[in-house]
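Asker: Sharing a structure here in structure tokens format.
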Amino acid sequence: MCGIWAIFGSDQDVSKKIPSCLKIRHRGPDAFRIENVNHFQNCAFGFHRLAIMDDLQGMQPYRVHKFPHLVLCYNGEIYNFKLLGEQMGFDYETGLDGECILHLYMKGGVEFAAAHLDGVFAFTILDTDKRQVLVGRDTYGVRPAFRTSSTDGFLAISSEAKGIVDLSNGSTNTKLKLEPYPPGHVSQYAVDEAGKVSLDFDKQFHDVGQAPRYTTRIPELVPSPEDNVRLLLTEAVRKRMMGVRRIGCLLSGGLDSSLVAALVCKVAKEMKLGYKIQTFAIGMDGSPDIAAARKVAEHLDTDHHEVSFTAQEGLEAIKEVIYHNESYDITTTRASVGMYLLSKYISTKTDNIIIFSGEGADEVAQGYIYFHKAPTPEDADIESRRLLSDLYLYDNLRADRTTAAHGLELRVPFLDHQFTSYYLSLPAASRQPQEGVEKHLLRSSFTGLDLIPDDILWRPKEAFSDGVSSKKKSWFEIIQKHFEKTISDQDLASASKTYPENTPLSKEGYYYRQVFESYFAGQAHLTPYMWMPKWIGATDPSARTLSHYKESDVEKPTITGKDED
């Protein structure tokens, strides 16, 4: 994880805006640099580095001798940079994976460049010859990006909203518009002789479910969907094993994190990585996640760490979580607390920097319990794609911010382009829950391999914000009981006047909004809606409030072979 920041068209001395750049320094604790560009005095780049590749030459803003007119600032990992070099004859000057962005841009422009990147990224390029600013972000928004602009030619880009939310431009009081930069898009801005910018275009280069335009080293696929799912997920993990920092895994003991951890351990052995993979679980007293994760860790023979937290510790972390998340969504906040505290432990107690996680599986493979209630396979498919399109506002946001807050880099193989496009290309009915079990196709793809324990392979869905607490006293109930005492009935009754946009409907939601507004006043649009299960008339996002929660606690179905549904 790194932090990028850039401003263009400033009416003030750019040095006066530097304090804003420092608000995202947690993303890159290894080094930072802030500089402007010769002949472009009202622009500046800022970079906070988490060193993963090319420790010597990987600092940014980044230039190479072959293209001295280009300045690059990016956050991400490009997994196919070596393959691109071979295929297109690129002569790289450094070992930095992101150098390929410049070569691709020079070969075919910004859309061509973004469409040929196998990875996760957010980048900004200044082309001083053409006097243009180019921006791009990966399909699922795994790496964050925000922009703010004004009608008088000012533009700012940042990895997090907090890096630009307080910016103004000169004394004109021109209102700035802050927004997440849309995933799967590229933009081009013209820079006039006065350094002012104007938008030439925003363009989508890739959409959810579309096959990638680049080629990979993966062998041809076979007729069996289960074999292909297994192959593509394994290769998604393999390509993400690059980097010089220690690799570890978040492990909740659920299907997704367990599969990822198992594949990481498998690939690590094949690579002769040289150290035992460490896994990390977190929970409160009686947490089913802790017990399940321990069983998986023993099966995989990992160096396993268990972190416990009390209700009070969790409640005390909520303000920090909302600040880092830049969101007041209820389920996002609940689920972030455990991940935030676990990331803090990893950062302070171990030397792991690269962390694998199971994020994205529920959206791709229809893992949420409410998918059992989908009216038709087509409805379920539409909902799956909608969730993937909005991941950058919810689960991807949570996963990025809670880890980046502590200088960690998260990797999410379930959101691999090739894996997701293949999975979504399969018949809609085959991706639905089967025999009372969600993610049936994914589970059956790994049946009979002893990769993870059988009862974990078929363990029912347990939301992370629920699994960290006991079934007798759920985390969401602890939170609700606490805020029932701290927020008054009068406050909630007047919520529609206090917060007319996205009005909170509960005392818990009111508190989250109150904290959010204290940090990001007037930016309620950053959370466009409250995440909520569909089709079931839910009034709370917790899976434990759903009628199907107990129904999903089923025995493993009888399956005689991995090709069977």
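The values are calculated or read from the model by the stated rules, or taken from the named source; none is laboratory data. For clarity, every value in this text was computed on a predicted model and none was experimentally measured. For neighbour counting, all protein chains shown are included, and Cβ atoms are generated from backbone atoms with ideal geometry for every residue, glycine included. To get the accessible areas, we keep the full protein, side chains included, count just its heavy atoms, and leave off ligands, DNA and RNA. Shrake-Rupley method; radii C 1.70, N 1.55, O 1.52, S 1.80 Å.
Asker: Any idea how far the Cα center of the stretch 289-335 sits from the one of the stretch 482-520, in Å?
Answerer: What the calculation gives is 24 Å, centre to centre.
Asker: Give me the accessible area per residue for the stretch 220-322, probe 1.4 Å, as a whole number in Å².
Answerer: Using a 1.4 Å probe on heavy atoms only, each residue of the stretch 220-322 averages 40 Å².
Asker: Still on this model: In nm, to one decimal, how far is the modelled label at Phe201 from the one at His69, with both set 7 Å along Cα→Cβ?
Answerer: About 2.0 nm separates the two model spin labels.
Asker: Continuing with the same structure: Any idea what log10 I(q)/I(0) is at q = 0.18, 0.20 Å⁻¹ for the stretch 35-154, Debye with uniform C-alpha scatterers and no solvent?
Answerer: Each listed q maps to, in turn, -0.98, -1.23.
Asker: Per residue, what volume in Å³ does the convex hull of the Cα atoms of the stretch 288-389 enclose?
Answerer: 154
Asker: Can you pull out the GluC sites (Glu not before Pro) in the stretch 417-518 whose DSSP state is coil and whose Cβ has at most 13 other Cβ atoms within 10 Å?
Answerer: Passing sites in the stretch 417-518 are Glu435, Glu501.
Asker: Along Cα→Cβ, 7 Å out, is where each label goes; now give me the distance between the ones at Leu426 and Arg386 in nm to one decimal.
Answerer: Once both label points are built, they end up 2.3 nm from each other.
Asker: Mean projection of the alpha-carbon convex hull of the stretch 72-135 over all orientations, in nm²?
Answerer: 4.0
Asker: Pulled fully out, how much extra length does the chain show between Asp285 and Leu22, if you take 0.36 nm times their separation in residues and subtract their Cα-Cα distance?
Answerer: The Asp285-Leu22 span can extend by a further 90.9 nm.
Asker: Grab the alpha carbons of the stretch 164-204, take their convex hull, and tell me the volume per residue in Å³.
Answerer: Spelled out: Cα convex hull of the stretch 164-204, divided by residues, is 87 Å³.
Asker: Once neighbouring chains are kept in place and the probe is 1.4 Å, which whole percent of the accessible area of the stretch 15-69 is contributed by carbon and sulfur?
Answerer: Carbon and sulfur: 54 percent of the exposed surface of the stretch 15-69.
Asker: Additional query: Report, in debye and to the nearest 20, how large the dipole of the chain comes out about its Cα centre when Lys and Arg carry +1 and Asp and Glu carry -1 on their Cβ.
Answerer: Charge dipole of the chain: 920 debye, to the nearest 20.
Asker: Okay, moving on. Would you calculate the volume per residue, in Å³, of the smallest convex hull containing every Cα atom of the chain?
Answerer: For the chain, the hull spanned by Cα atoms encloses 144 Å³ per residue.
Asker: Determine which aspartates and glutamates satisfy two conditions relative to Lys472: a Cα distance under 16 Å, and not lying fewer than 8 residues away in the same chain.
Answerer: Asp285, Asp289, Glu462, Asp553
Asker: Seen from all sides and averaged, what is the projected area of the convex hull of the Cα atoms in the stretch 230-272, in nm²?
Answerer: Seen from a random direction, the Cα hull of the stretch 230-272 projects 3.1 nm² on average.
Asker: Okay, next question. Give the lysines whose C-alpha is closer than 20 Å to that of Lys439, dropping any in the same chain fewer than 8 places away, or say none.
Answerer: Filter leaves Lys373, Lys461, Lys534, Lys550, Lys556, Lys562.
Asker: Give the separation of the Cα centroids, the stretch 212-238 to the stretch 417-437, in Å.
Answerer: That distance is 14 Å.
Asker: Which percent of the accessible area of the stretch 126-258 is formed by carbon and sulfur heavy atoms (probe 1.4 angstrom)?
Answerer: That fraction is 49 percent.
Asker: Quick check on the chain: of the DSSP beta bridges with both residues there, what percent are antiparallel, nearest 5%?
Answerer: For the chain, the DSSP antiparallel bridge percentage is about 75.
Asker: Nearest 0.05, what FRET efficiency do Thr310 and Lys177 give at R0 = 41 Å with Cβ-Cβ as r?
Answerer: Result of the calculation: an efficiency of 0.45.
Asker: Another question, if that's okay. How far is it, in nm, from the label point at Asp227 to the one at Lys130 when both lie 7 Å from their Cα along the line to the Cβ?
Answerer: Between Asp227 and Lys130, the simple spin-label model gives 4.4 nm.
Asker: Lysines near Lys17 by alpha-carbon distance under 23 Å, same-chain residues fewer than 8 away left out - which ones?
Answerer: Cross-link targets: Lys162, Lys175, Lys177, Lys196.
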